[in-house]
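Some notes on the structure that comes next.
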Amino acid sequence: MKTHKIALIPGDGIGADVTGAAMTVLDAAADGFGFSLETESFPWSCDWYLQHGRMMPEDGIDILRGFDAILLGAVGWPATVPDSVSLHGLLLPIRKAFDQYANIRPHRLLPGVEGPLKSAGFDILCIRENTEGEYSGAGGRVHQGRDNEVAIETAIFTRQGVERIIRFGFDQARARRKHLTSVTKSNAQKHSMVFWDEITRMVAADYPDVTVSHMHIDAMAAKMVMAPQDLDVIVASNLFGDILTDLGAAIQGGLGFAASANICPDRSNPSMFEPVHGSAPDIAGRDIANPIATIWSGAMMLDHLGEGAAAAAVLRAVETTCAQGIGLRPGSHSTGQITQAILSALKV
Ligand code: IPM
Ligand code: MN
């Protein structure tokens with residue numbers, strides 16, 4: 001039987017609830033489709049930090065390297081560890097070390113879910129650059145604590161980094177409705193964003209079958225509210241993609257429905273799958289977190305592992321469950337109830 005080795009990192013807060021729910025569904029799908037998931041769980045989290053002084057062991061990346069994929073819940077427990085420490089100690093280093101440069105986030109309404117917009121017919125795939133840009137971590141502070149203190153946060157855009165994410169976006173667009181919108185702010189940021197626009201034009205020449213639009217981030221924020229049905233694939237830098245995908249989550253009914261995949265496209269390293277939402281300390285441990293975002297992310301993981309039929313079955317089971325009115329509003333059903341409904345709807 002084919003076996004895929006999965007590293008599970010529940011992380012903090014509701015991360016444990018939603019990854020537990022996802023593994024129940026993914027294991028059932030694996031059983032039904034004749035493969036198995038050999039899962040090892042790692043307790044790396046803010047709690048682990050309090051015991052060990054770091055978010056993961058020194059050789060954490062090497063440990064993860066031995067797996068076919070990583071499923072992550074959420075990282076962050078600001079009451080004990082500042083977010084800037086926990087995220088830069090676990091989530092962000094994994095994305096960078098494994099060159100998971102393509103962050104893929106689908107935004108569409110599942111059946112029965114009523115988003116806040118009048119328009120229901122949108123189907124957007126946001127491709128966010130995931131390893132450099134505004135989140136490169138380059139910078140520093142000098143004269144700390146003094147009146148003349150300076151803080152510098154440098155956005156890094158490399159030709160290689162920009163070109164590969166734009167090519168990745170064009171490949172996605174080619175497999176969908178053949179429309180790509182590149183999001184920048186080149187009217188104000190005259191170096192990096194003009195560079196991005198130039199590279200988009202250069203790459204576009206290789207994809208004459210794909211229509212290209214260029215939009216500024218501010219106009220795109222409005223467009224995603226006013227006319228999301230006109231969008232297909234969006235490609236954006238790390239920060240812009242981060243912001244637009246929370247907006248995308250909002251128009252698809254909330255963060256409980258927003259899935260994401262951090263992909264290393266050449267497969268030289270494991271890719272990582274996680275919901276867009278965070279650890280939600282306010283509802284942690286209450287069995288009310290919506291597991292759908294993580295289950296959908298898990299379906300993306302199965303697809304990445306070559307188990308397309310199982311991935312499609314999981315997504316169909318999620319759709320059936322939503323169509324039955326289960327899990328649509330925060331608190332209407334427990335995490336366990338939603339998970340059970342998805343399991344019952346799973347057709348193998
Ligand atoms: C996300 C999150 C992270 C990000 C944070 C927690 C660092 O907001 O996955 O969208 O910005 O990448
Ligand atoms: Mn985010």
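The values are calculated or read from the model by the stated rules, or taken from the named source; none is laboratory data. Remember, it's a predicted structure, so these values are computed and weren't measured experimentally. Cβ coordinates were reconstructed from backbone atoms using ideal geometry, including for glycine residues, and neighbour counts include every protein chain displayed. Ligands, DNA and RNA are excluded from the accessible area calculation, which covers all protein heavy atoms including side chains. Shrake-Rupley method; radii C 1.70, N 1.55, O 1.52, S 1.80 Å.
Converting phi to 3J(HN,Hα) with the Karplus coefficients 6.51, -1.76 and 1.60 and the offset θ = phi - 60°, the range 159-174 yields 4, 4, x, 6, 4, 5, 6, 5, 4, 4, x, 4, 4, 5, 4, 4 Hz in sequence order, with x at every glycine or proline.
Under 5 Å between amide hydrogens, built in the peptide plane, is the criterion, and for Ser271 it picks out Ile70, Cys264 among residues at least 5 positions away or on other chains. Relative contact order (percent) for the range 79-155, with alpha-carbon contacts under 8 angstrom and 6 or more residues of separation? Once divided by the residue count of the range 79-155, the mean separation gives 24 percent.
Once Rg and the Kirkwood radius are both taken over the C-alpha atoms of the range 116-251, their ratio Rg/Rh works out to 1.04. Taking the Kirkwood radius as Rh and the Cα radius of gyration as Rg, the range 1-153 has a ratio of Rg/Rh equal to 1.04. For the chain, the percent of C-alpha pairs falling in each 20 Å distance bin, counted from 0 to the bin holding the largest distance, reads 30, 60, 10, 0. In a shell of Cβ-Cβ distance under 12 Å around Ser86, excluding Ser86 itself, what net charge do Lys and Arg (+1) and Asp and Glu (-1) give? Around Ser86, the surrounding residues sum to -2. Based on protein heavy atoms only, the chain ends up with 42 Å² per residue of surface accessible to a 1.4 Å probe.
A Förster radius of 30 Å, combined with the Cβ-Cβ distance separating Asp206 from Ala312, puts the computed FRET efficiency at roughly 0.50. In this structure the amide hydrogen of Ser136, modeled in the peptide plane, comes within under 5 Å of the amide hydrogens of Ile156, none closer than 5 places in sequence on its chain. When the solvent-accessible area of the chain is split by element, carbon and sulfur atoms take up 52 percent of it, the probe being 1.4 Å.
Potential lengthening of the chain between Met1 and Thr154 amounts to 50.2 nm, from the contour at 0.36 nm per residue minus the alpha-carbon distance. Amide H contacts under 5 Å for Phe35: none, restricted to partners 5 or more places along the chain or on a different chain, H placed in the peptide plane at 1.01 Å from N.
Using the Cβ atoms and a cut-off under 13 Å, what net charge is assigned to the surroundings of Ile14, where Lys and Arg are +1 and Asp and Glu are -1? Once positives and negatives cancel, what remains is -4. In this Cβ point-charge picture (+1 for Lys and Arg, -1 for Asp and Glu), the range 1-61 has a dipole of about 140 debye about its Cα centre. Considering only Ala250, Leu239, Gly137, the residue lying farthest towards the positive end of the dipole of the chain is Ala250, judged by Cα position with unit charges set on Cβ. Take every DSSP beta bridge whose two residues both sit in the range 116-251; close to 30 percent of them are antiparallel. Dipole size of the chain about its Cα centre, with +1 on Lys/Arg Cβ and -1 on Asp/Glu Cβ: approximately 720 debye, rounded to the nearest 20. Coupling constants for the range 23-30 follow from the phi torsions by the Karplus curve (6.51 cos²θ - 1.76 cosθ + 1.60, θ = phi - 60°), and in residue order they are 5, 4, 6, 5, 5, 5, 5, 4 Hz; glycine and proline get x.
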